[in-house]
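> My structure is below; once you've seen it, I'll send some questions.
The values are calculated or read from the model by the stated rules, or taken from the named source; none is laboratory data. Values in this document were obtained by computation on a predicted structure and should not be read as measured data. Neighbour counts are summed over all protein chains in view; Cβ atoms, including those assigned to glycine, are modelled from backbone coordinates with ideal geometry. Just so you know, the surface numbers come from the protein's heavy atoms only, side chains and all, with ligands and any DNA or RNA stripped out. Shrake-Rupley method; radii C 1.70, N 1.55, O 1.52, S 1.80 Å.
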Amino acid sequence: MAQNRGIPRYTGFLSDREQVLAQAACHKALFSAARFWGGYDEAERKVLCLEPPEAWQEEPLAYLRLAALNAGEDKMPGHRDYLGSILALGLDRACLGDLIADPQDSAVFYAIVLADKQEFIASELTSAGHCPVRAECCEQLPVHVGQATERALREATVSSLRADAVLAAMMHTSRTKAADYIAAGRVEINHLPLRAAHEPVYARDIFTVRGVGRYQLADIGGKSRKDRIFISFFQY
């Protein structure tokens, strides 16, 4: 990875796994002037910003307000509708970051996009699903939208820090069921396949269960009087 003097470089939006690989590449190249940014603190899809100390900084991202017009509650376009309609404009997935529902208005979504695609999407996006929509450029996400994406921290106790025990607690299921998911190859930890139910897990590990969802082991605490271990976690 070349360290371009004074010239910032920005990728498209990266998935979680792509961010892990990009971070590893930066470390291998001894490139420390890198950051990830997705438009708000809890963003999932993010752009890798390579900004050497002497470089000027650009804003690689922009925001759109997407409003459904004349739609009943049962016909409001959702995340999948907006995603499909934006990609149908001929754009690559890397041009689009998170799509966030407005918790105060069911007719509104916000999209985070690459800055050079904002005007194009605003002018060309006219419908999503079977509903007409209006796309407008905006300067930033409303505060209540960014705050609404914060995940609730949950707590549980586990008998050990084995993968099946922790996964069972986070999924509110039995260890046998959790082990079945692992044996079927449906579980990844930090975007790598989990091979065995007995593997140890650590704080900050991210679990992806195909067909179910994702979890992050936020913290590992002390033990209860019954010798069980306290954990806290997020569910995406």
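> Express the carbon and sulfur contribution to the solvent-accessible surface of the chain as a percent, rounded to the nearest whole number, probe 1.4 angstrom.
49
> Are any of the pairs LYS46/LYS223; LYS177/LYS223; LYS28/LYS223 more than 27 Å apart by Cα-Cα distance, and if so, which?
LYS46/LYS223; LYS28/LYS223
> Can I ask one more? Taking only protein heavy atoms into account and a 1.4 Å probe, give the accessible area per residue of segment 153-223 in Å².
Value returned for segment 153-223: 52 Å² of accessible area per residue.
> Another question about this same structure. Using the beta-carbon distance between ARG186 and ARG80 and R0 = 30 Å, what value does 1/(1 + (r/R0)^6) give for FRET efficiency, to the nearest 0.05?
For R0 = 30 Å, the calculated efficiency reads 0.90.
> Using label points projected 7 Å from each Cα along Cα→Cβ, tell me how many nm separate TYR10 and ARG35, to one decimal.
Each label point is offset 7 Å from its Cα along the Cβ direction, giving 1.3 nm.
> If exposed means no more than 14 neighbouring beta carbons inside 10 Å and the site is in a DSSP loop, what's the longest run of the chain without any exposed trypsin sites (Lys or Arg not before Pro)?
After excluding every exposed loop site, the longest remaining stretch is 6-150.
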